[in-house]
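See below for the structure under consideration.
The values are calculated or read from the model by the stated rules, or taken from the named source; none is laboratory data. Predicted model, so just to flag it, every value in this text is computed and none were measured. Positions of Cβ are backbone-derived with ideal geometry, glycine not excepted, and every protein chain shown enters the neighbour counts. Remember, those area values only see protein heavy atoms, side chains included, never the ligands or the DNA or RNA. Shrake-Rupley method; radii C 1.70, N 1.55, O 1.52, S 1.80 Å.
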Amino acid sequence: MTDALTVSETAHEPFASLAELRAQGPVHRIDTPDGPPAWLVTRYAEVRALFGDSRFALHREHSHGRDFTGFDLPPQLDAHLLNSDPPRHTRLRREIAPSFTAQRVRAMSPQVRAVADELAASLSGEVDLVGEFAVLLPVRVIAELLPLPADARDTFAGWADSLLRHTPGAEPRARDTMDDMRRIIGSALSSDPPADSLLAGLLTARGAGRLDADELTSMVFYLLFVWYEIMVHAVSSAMLRLLGSERLGTGVEEVLRLHPPQLLAAPRYPLHDLEIGGVSVRAGDTLLLSLASANRDERVFSEASEFVPDRNPNPHLSLGHGTHACPASTLTRVIARCAVEALHAQHPHAAPTSAPVTWRGNFRHHGPAALRANLTRHKR
(Lines give C-alpha, C1' and ligand atoms only; values in the text may rest on other atoms or scores of the structure.)
Protein backbone atom coordinates (compact mmCIF):
# COMPACT_ATOMS: atom_id res chain seq x y z
CA MET A 1 0.00 0.00 0.00
CA THR A 2 1.26 3.50 -0.87
CA ASP A 3 0.69 6.45 1.46
CA ALA A 4 0.05 9.62 -0.54
CA LEU A 5 2.17 12.55 0.61
CA THR A 6 0.87 15.72 -1.00
CA VAL A 7 2.59 19.04 -1.62
CA SER A 8 0.19 20.93 0.65
CA GLU A 9 0.70 18.54 3.55
CA THR A 10 4.46 18.65 3.20
CA ALA A 11 4.83 22.38 2.72
CA HIS A 12 2.36 23.77 5.21
CA GLU A 13 1.40 21.27 7.90
CA PRO A 14 3.22 17.98 7.54
CA PHE A 15 3.31 17.02 11.19
CA ALA A 16 -0.13 15.45 11.66
CA SER A 17 0.32 13.19 8.64
CA LEU A 18 3.83 12.26 9.75
CA ALA A 19 2.58 11.39 13.24
CA GLU A 20 0.06 8.96 11.75
CA LEU A 21 2.73 7.30 9.64
CA ARG A 22 5.18 7.17 12.55
CA ALA A 23 2.58 5.44 14.73
CA GLN A 24 2.01 2.81 12.06
CA GLY A 25 5.68 1.94 11.55
CA PRO A 26 9.15 3.26 10.77
CA VAL A 27 9.19 2.86 6.95
CA HIS A 28 6.45 3.66 4.42
CA ARG A 29 6.06 3.57 0.66
CA ILE A 30 4.82 7.01 -0.44
CA ASP A 31 3.92 8.95 -3.56
CA THR A 32 6.08 12.06 -3.86
CA PRO A 33 4.77 15.40 -5.19
CA ASP A 34 6.82 14.94 -8.36
CA GLY A 35 5.16 11.59 -9.05
CA PRO A 36 7.73 8.80 -8.56
CA PRO A 37 7.45 6.81 -5.32
CA ALA A 38 9.98 6.49 -2.49
CA TRP A 39 10.36 5.02 0.97
CA LEU A 40 9.82 7.48 3.83
CA VAL A 41 11.63 6.72 7.11
CA THR A 42 9.72 8.29 10.00
CA ARG A 43 11.14 7.07 13.32
CA TYR A 44 14.15 8.53 15.08
CA ALA A 45 16.17 5.35 15.61
CA GLU A 46 16.05 4.34 11.96
CA VAL A 47 16.68 7.88 10.65
CA ARG A 48 19.69 8.42 12.92
CA ALA A 49 21.16 5.01 12.07
CA LEU A 50 20.83 5.59 8.33
CA PHE A 51 23.00 8.71 8.48
CA GLY A 52 26.01 6.49 9.11
CA ASP A 53 24.97 3.27 7.36
CA SER A 54 27.56 2.33 4.73
CA ARG A 55 25.04 0.01 3.03
CA PHE A 56 23.45 3.15 1.54
CA ALA A 57 24.82 5.59 -1.01
CA LEU A 58 24.11 9.28 -1.63
CA HIS A 59 25.09 9.45 -5.28
CA ARG A 60 22.07 9.02 -7.54
CA GLU A 61 24.08 6.79 -9.88
CA HIS A 62 23.06 4.05 -7.42
CA SER A 63 19.35 4.62 -8.11
CA HIS A 64 17.59 2.16 -10.41
CA GLY A 65 15.76 5.15 -11.90
CA ARG A 66 12.18 4.21 -11.07
CA ASP A 67 11.92 6.01 -7.71
CA PHE A 68 12.11 9.69 -6.85
CA THR A 69 15.66 11.04 -7.10
CA GLY A 70 15.14 14.79 -6.78
CA PHE A 71 16.01 17.58 -9.15
CA ASP A 72 18.77 16.66 -11.61
CA LEU A 73 21.45 19.33 -11.69
CA PRO A 74 24.00 19.69 -14.49
CA PRO A 75 27.33 17.94 -13.73
CA GLN A 76 29.01 21.30 -13.11
CA LEU A 77 26.75 21.84 -10.08
CA ASP A 78 26.13 18.29 -8.85
CA ALA A 79 29.54 17.18 -7.56
CA HIS A 80 28.95 18.42 -4.01
CA LEU A 81 28.58 16.86 -0.57
CA LEU A 82 24.90 15.96 -0.88
CA ASN A 83 25.56 13.81 -3.94
CA SER A 84 28.88 12.25 -2.89
CA ASP A 85 30.01 9.11 -1.12
CA PRO A 86 33.40 8.26 0.42
CA PRO A 87 36.12 8.75 -0.50
CA ARG A 88 35.00 11.82 -2.49
CA HIS A 89 32.67 12.98 0.29
CA THR A 90 35.57 12.82 2.75
CA ARG A 91 37.86 14.73 0.39
CA LEU A 92 35.32 17.48 -0.35
CA ARG A 93 34.42 17.93 3.29
CA ARG A 94 38.10 18.23 4.19
CA GLU A 95 38.47 21.23 1.87
CA ILE A 96 35.83 23.34 3.65
CA ALA A 97 36.04 21.98 7.22
CA PRO A 98 38.72 24.45 8.41
CA SER A 99 36.35 27.35 7.73
CA PHE A 100 33.67 25.90 9.99
CA THR A 101 35.52 24.80 13.10
CA ALA A 102 33.93 25.91 16.36
CA GLN A 103 36.82 28.33 16.90
CA ARG A 104 36.48 29.88 13.43
CA VAL A 105 32.70 30.28 13.76
CA ARG A 106 33.04 31.81 17.24
CA ALA A 107 35.46 34.31 15.73
CA MET A 108 32.79 35.18 13.13
CA SER A 109 30.04 35.70 15.71
CA PRO A 110 30.73 39.43 16.31
CA GLN A 111 30.61 40.04 12.56
CA VAL A 112 27.31 38.17 12.25
CA ARG A 113 25.91 40.08 15.21
CA ALA A 114 27.02 43.42 13.72
CA VAL A 115 25.15 42.66 10.49
CA ALA A 116 22.07 41.57 12.46
CA ASP A 117 22.22 44.76 14.57
CA GLU A 118 22.48 46.91 11.44
CA LEU A 119 19.45 45.24 9.84
CA ALA A 120 17.43 45.32 13.07
CA ALA A 121 18.20 49.01 13.63
CA SER A 122 16.83 49.84 10.17
CA LEU A 123 13.38 48.52 11.10
CA SER A 124 10.55 50.43 12.72
CA GLY A 125 6.83 50.24 13.25
CA GLU A 126 4.95 47.18 12.06
CA VAL A 127 7.11 45.00 9.81
CA ASP A 128 7.34 41.57 8.25
CA LEU A 129 10.39 40.14 9.97
CA VAL A 130 10.79 37.41 7.35
CA GLY A 131 10.82 39.62 4.26
CA GLU A 132 12.57 42.60 5.87
CA PHE A 133 15.08 40.78 8.07
CA ALA A 134 15.37 36.98 7.79
CA VAL A 135 15.69 36.97 4.00
CA LEU A 136 18.45 39.58 4.14
CA LEU A 137 20.64 38.38 7.03
CA PRO A 138 21.93 35.09 5.53
CA VAL A 139 22.61 36.84 2.19
CA ARG A 140 24.95 39.24 3.94
CA VAL A 141 26.62 36.56 6.05
CA ILE A 142 27.17 34.09 3.21
CA ALA A 143 28.42 36.85 0.90
CA GLU A 144 31.00 37.83 3.52
CA LEU A 145 31.92 34.24 4.31
CA LEU A 146 32.91 33.19 0.80
CA PRO A 147 33.37 36.16 0.01
CA LEU A 148 31.45 37.31 -3.06
CA PRO A 149 32.65 40.29 -5.12
CA ALA A 150 30.44 43.39 -4.98
CA ASP A 151 28.63 42.83 -8.29
CA ALA A 152 27.76 39.25 -7.36
CA ARG A 153 26.42 40.35 -3.97
CA ASP A 154 23.78 42.47 -5.65
CA THR A 155 22.77 39.60 -7.93
CA PHE A 156 22.74 37.19 -4.97
CA ALA A 157 20.49 39.56 -3.00
CA GLY A 158 18.17 39.85 -6.00
CA TRP A 159 18.07 36.07 -6.39
CA ALA A 160 17.15 35.64 -2.71
CA ASP A 161 14.52 38.35 -2.91
CA SER A 162 12.86 36.75 -5.94
CA LEU A 163 12.83 33.35 -4.28
CA LEU A 164 11.53 34.12 -0.80
CA ARG A 165 9.58 37.37 -0.89
CA HIS A 166 6.69 36.12 -3.01
CA THR A 167 3.37 34.87 -1.72
CA PRO A 168 3.74 31.15 -0.88
CA GLY A 169 2.97 29.16 -4.00
CA ALA A 170 3.71 32.07 -6.34
CA GLU A 171 7.49 32.17 -5.93
CA PRO A 172 9.74 30.80 -8.67
CA ARG A 173 11.30 27.41 -8.12
CA ALA A 174 15.02 27.44 -7.39
CA ARG A 175 15.59 25.40 -10.55
CA ASP A 176 14.01 28.22 -12.58
CA THR A 177 16.65 30.68 -11.36
CA MET A 178 19.58 28.63 -12.65
CA ASP A 179 20.86 31.39 -14.96
CA ASP A 180 21.23 33.76 -12.00
CA MET A 181 22.99 31.05 -10.02
CA ARG A 182 25.48 30.47 -12.83
CA ARG A 183 26.21 34.21 -13.10
CA ILE A 184 26.86 34.48 -9.37
CA ILE A 185 29.13 31.43 -9.35
CA GLY A 186 31.02 32.66 -12.41
CA SER A 187 31.58 36.05 -10.81
CA ALA A 188 32.86 34.41 -7.63
CA LEU A 189 35.28 32.12 -9.48
CA SER A 190 36.70 34.97 -11.57
CA SER A 191 37.32 37.19 -8.54
CA ASP A 192 40.49 37.67 -6.50
CA PRO A 193 39.42 36.75 -2.95
CA PRO A 194 41.53 37.37 0.17
CA ALA A 195 44.19 34.71 0.65
CA ASP A 196 42.76 33.39 3.91
CA SER A 197 39.16 33.15 2.67
CA LEU A 198 37.04 30.07 2.02
CA LEU A 199 36.82 30.82 -1.71
CA ALA A 200 40.59 31.28 -1.98
CA GLY A 201 41.06 27.91 -0.32
CA LEU A 202 38.81 26.25 -2.88
CA LEU A 203 40.59 27.95 -5.77
CA THR A 204 43.92 26.82 -4.34
CA ALA A 205 42.61 23.26 -4.03
CA ARG A 206 41.60 23.36 -7.68
CA GLY A 207 45.03 24.64 -8.70
CA ALA A 208 46.71 21.89 -6.67
CA GLY A 209 44.55 19.18 -8.23
CA ARG A 210 42.60 18.36 -5.05
CA LEU A 211 39.35 19.46 -6.74
CA ASP A 212 38.40 19.02 -10.38
CA ALA A 213 36.52 21.73 -12.28
CA ASP A 214 33.05 20.30 -11.62
CA GLU A 215 33.80 19.86 -7.92
CA LEU A 216 34.94 23.47 -7.63
CA THR A 217 31.79 24.94 -9.21
CA SER A 218 29.59 22.45 -7.34
CA MET A 219 31.08 23.34 -3.98
CA VAL A 220 30.56 27.06 -4.59
CA PHE A 221 26.97 26.25 -5.59
CA TYR A 222 26.56 24.22 -2.40
CA LEU A 223 28.00 26.96 -0.17
CA LEU A 224 25.86 29.70 -1.71
CA PHE A 225 22.54 28.16 -2.55
CA VAL A 226 22.01 24.93 -0.61
CA TRP A 227 22.48 26.54 2.80
CA TYR A 228 20.70 29.80 2.11
CA GLU A 229 17.09 28.66 2.42
CA ILE A 230 17.93 26.54 5.46
CA MET A 231 19.36 29.59 7.22
CA VAL A 232 16.39 31.79 6.32
CA HIS A 233 13.92 29.29 7.74
CA ALA A 234 16.04 28.77 10.87
CA VAL A 235 16.14 32.52 11.52
CA SER A 236 12.42 32.94 10.78
CA SER A 237 11.38 30.12 13.09
CA ALA A 238 13.70 31.38 15.83
CA MET A 239 12.05 34.80 15.67
CA LEU A 240 8.61 33.19 15.74
CA ARG A 241 9.34 31.21 18.89
CA LEU A 242 11.89 33.35 20.75
CA LEU A 243 10.93 36.98 20.10
CA GLY A 244 10.35 38.33 23.59
CA SER A 245 11.75 35.21 25.27
CA GLU A 246 14.64 35.18 27.74
CA ARG A 247 15.58 31.58 26.95
CA LEU A 248 17.98 31.95 24.07
CA GLY A 249 20.57 29.57 25.51
CA THR A 250 18.78 26.32 24.69
CA GLY A 251 15.84 27.87 22.86
CA VAL A 252 17.50 27.83 19.44
CA GLU A 253 18.04 24.06 19.67
CA GLU A 254 14.37 23.52 20.47
CA VAL A 255 13.35 25.75 17.58
CA LEU A 256 15.47 23.63 15.24
CA ARG A 257 13.93 20.43 16.62
CA LEU A 258 10.30 21.54 16.44
CA HIS A 259 10.61 23.52 13.20
CA PRO A 260 13.34 21.84 11.15
CA PRO A 261 14.27 24.12 8.23
CA GLN A 262 14.71 21.04 6.06
CA LEU A 263 12.05 18.36 6.32
CA LEU A 264 14.10 15.65 4.64
CA ALA A 265 17.73 14.66 4.41
CA ALA A 266 19.26 13.96 1.02
CA PRO A 267 17.97 10.72 -0.58
CA ARG A 268 19.72 7.43 0.20
CA TYR A 269 20.00 4.42 -2.13
CA PRO A 270 20.54 0.85 -0.84
CA LEU A 271 23.53 -0.82 -2.44
CA HIS A 272 21.93 -4.26 -1.92
CA ASP A 273 18.51 -5.67 -1.12
CA LEU A 274 18.05 -5.39 2.62
CA GLU A 275 15.59 -4.80 5.47
CA ILE A 276 14.98 -1.55 7.37
CA GLY A 277 12.60 -1.44 10.30
CA GLY A 278 11.10 -4.76 9.30
CA VAL A 279 10.47 -3.60 5.73
CA SER A 280 12.27 -5.09 2.71
CA VAL A 281 13.77 -2.55 0.31
CA ARG A 282 15.47 -3.26 -2.99
CA ALA A 283 18.85 -2.12 -4.24
CA GLY A 284 18.44 1.25 -5.96
CA ASP A 285 15.19 2.19 -4.19
CA THR A 286 15.02 5.72 -2.80
CA LEU A 287 14.86 6.25 0.97
CA LEU A 288 13.88 9.68 2.28
CA LEU A 289 14.83 10.37 5.90
CA SER A 290 12.12 12.46 7.55
CA LEU A 291 13.92 14.81 9.92
CA ALA A 292 10.60 16.46 10.75
CA SER A 293 9.11 13.15 11.90
CA ALA A 294 12.21 11.88 13.71
CA ASN A 295 12.41 15.11 15.71
CA ARG A 296 8.89 14.53 17.05
CA ASP A 297 9.27 10.83 17.79
CA GLU A 298 7.62 10.20 21.15
CA ARG A 299 10.02 7.32 21.78
CA VAL A 300 12.85 9.84 22.15
CA PHE A 301 11.29 13.19 23.08
CA SER A 302 8.76 13.70 25.86
CA GLU A 303 6.03 16.20 24.95
CA ALA A 304 7.40 15.77 21.45
CA SER A 305 4.93 18.11 19.74
CA GLU A 306 5.38 20.88 22.32
CA PHE A 307 7.90 23.72 22.42
CA VAL A 308 10.04 23.16 25.50
CA PRO A 309 12.78 25.83 25.30
CA ASP A 310 14.98 24.34 28.04
CA ARG A 311 14.76 20.77 26.74
CA ASN A 312 17.91 18.86 27.71
CA PRO A 313 19.18 16.67 26.19
CA ASN A 314 17.94 17.61 22.76
CA PRO A 315 19.48 15.22 20.20
CA HIS A 316 17.48 16.48 17.22
CA LEU A 317 18.57 15.64 13.67
CA SER A 318 17.58 18.86 11.91
CA LEU A 319 21.11 19.60 10.69
CA GLY A 320 22.18 16.01 10.08
CA HIS A 321 24.29 13.65 12.13
CA GLY A 322 27.84 12.32 12.27
CA THR A 323 29.86 12.60 9.08
CA HIS A 324 26.71 13.82 7.36
CA ALA A 325 26.07 16.70 9.75
CA CYS A 326 25.78 19.99 7.88
CA PRO A 327 29.23 21.65 7.88
CA ALA A 328 27.50 24.98 8.52
CA SER A 329 25.40 23.70 11.43
CA THR A 330 27.27 25.81 14.00
CA LEU A 331 27.04 28.88 11.76
CA THR A 332 23.30 28.31 11.30
CA ARG A 333 22.87 28.27 15.07
CA VAL A 334 24.95 31.44 15.43
CA ILE A 335 22.93 33.29 12.78
CA ALA A 336 19.62 32.31 14.39
CA ARG A 337 20.81 33.31 17.85
CA CYS A 338 22.34 36.61 16.68
CA ALA A 339 19.13 37.47 14.81
CA VAL A 340 16.97 37.18 17.93
CA GLU A 341 19.58 38.87 20.15
CA ALA A 342 19.81 41.82 17.77
CA LEU A 343 16.05 42.26 17.68
CA HIS A 344 15.93 42.10 21.48
CA ALA A 345 18.69 44.71 21.75
CA GLN A 346 17.33 47.11 19.13
CA HIS A 347 13.63 46.62 19.89
CA PRO A 348 13.24 45.36 23.48
CA HIS A 349 9.45 45.56 23.33
CA ALA A 350 9.03 43.84 19.97
CA ALA A 351 6.14 41.43 19.79
CA PRO A 352 4.38 39.47 17.06
CA THR A 353 1.05 40.90 15.94
CA SER A 354 -2.14 38.87 15.99
CA ALA A 355 -1.81 38.18 12.24
CA PRO A 356 -1.77 34.44 11.56
CA VAL A 357 1.56 32.95 10.60
CA THR A 358 1.71 31.64 7.06
CA TRP A 359 4.21 28.95 6.12
CA ARG A 360 6.41 28.52 3.11
CA GLY A 361 7.94 25.31 1.91
CA ASN A 362 8.18 22.53 -0.56
CA PHE A 363 8.95 18.84 -0.39
CA ARG A 364 12.25 19.55 1.37
CA HIS A 365 12.03 22.88 3.24
CA HIS A 366 9.72 24.49 5.78
CA GLY A 367 9.55 27.87 7.51
CA PRO A 368 7.38 30.93 8.14
CA ALA A 369 6.58 32.86 4.97
CA ALA A 370 5.72 36.02 6.91
CA LEU A 371 5.94 37.12 10.52
CA ARG A 372 4.26 40.42 11.30
CA ALA A 373 5.66 42.15 14.36
CA ASN A 374 5.20 45.49 16.09
CA LEU A 375 8.53 47.01 17.04
CA THR A 376 7.21 50.06 18.85
CA ARG A 377 5.08 48.76 21.69
CA HIS A 378 4.46 45.62 23.67
CA LYS A 379 1.10 44.02 22.83
CA ARG A 380 1.11 41.06 25.15
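Quick one: in the stretch 41-79, of everything that is among the hydrophobic types (A, V, I, L, M, F, W, C) and farther than 16 Å from residue 364 by Cβ, which residue is surrounded by the most Cβ atoms within 10 Å (Cβ to Cβ)? Step through it out loud before you land on a result.
Residues of the stretch 41-79 among the hydrophobic types (A, V, I, L, M, F, W, C): 41, 45, 47, 49-51, 56-58, 68, 71, 73, 77, 79.
Okay, now just the ones that are also farther than 16 Å from residue 364 by Cβ, so 45, 49-51, 56-57, 77, 79.
Working: 45: 14, 49: 15, 50: 20, 51: 17, 56: 21, 57: 20, 77: 20, 79: 23.
Only one residue tops the list, namely 79.
For the stretch 34-72, which positions are small (Gly, Ala, Ser) and in contact with an Asp or Glu (Cβ under 6 Å, 6 or more places away or on another chain)? Steps first, answer last, please.
Filtering the stretch 34-72 for residues small (Gly, Ala, Ser) gives 35, 38, 45, 49, 52, 54, 57, 63, 65, 70.
Within the stretch 34-72, 38, 57 qualify.
Taking into account only those residues within the stretch 342-364 that are of a type in the set (Ser, Thr, Tyr) and open to solvent by 50 Å² or more (accessible area, probe 1.4 Å), which is farthest from residue 141 (Cα to Cα)?
Residue satisfying both the conditions and the ranking: 354.
Which of the residues belonging to the stretch 322-380 are among the polar types (S, T, N, Q) and touching a Lys or Arg at 6+ places or on another chain (Cβ under 7 Å)?
Selection gives 353 alone.
Out of the stretch 113-162, which residues are closer than 20 Å to residue 217 by Cα, small (Gly, Ala, Ser) and touching a residue at least 24 places away in the same chain (Cβ under 8 Å)?
152, 160 - these are the residues of the stretch 113-162 that are closer than 20 Å to residue 217 by Cα, small (Gly, Ala, Ser) and touching a residue at least 24 places away in the same chain (Cβ under 8 Å).
Would you be able to tell me the number of residues in the stretch 307-341 that are over 17 Å from residue 101 (Cβ atoms), open to solvent by less than 20 Å² (accessible area, probe 1.4 Å), of a type in the set (A, V, I, L, M, F, W, C) and in a loop (DSSP other than H, G, I, E, B)?
Selection size over the stretch 307-341: 1.
Residues being acidic (Asp, Glu) and within 15 Å of residue 271 (Cβ to Cβ): count how many of those fall in the stretch 53-97.
4
Among the listed residues 255, 300, identify the single one that is of a type in the set (Val, Ile, Thr), assigned to a loop (DSSP other than H, G, I, E, B) and touching a helix residue (DSSP H, G or I) at 6+ places or on another chain (Cβ under 9 Å). Don't jump to the end; show me each part of the working.
Values: 255 fails: assigned to a loop (DSSP other than H, G, I, E, B).
Selected residue: 300, the only one of 255, 300 that is of a type in the set (Val, Ile, Thr), assigned to a loop (DSSP other than H, G, I, E, B) and touching a helix residue (DSSP H, G or I) at 6+ places or on another chain (Cβ under 9 Å).
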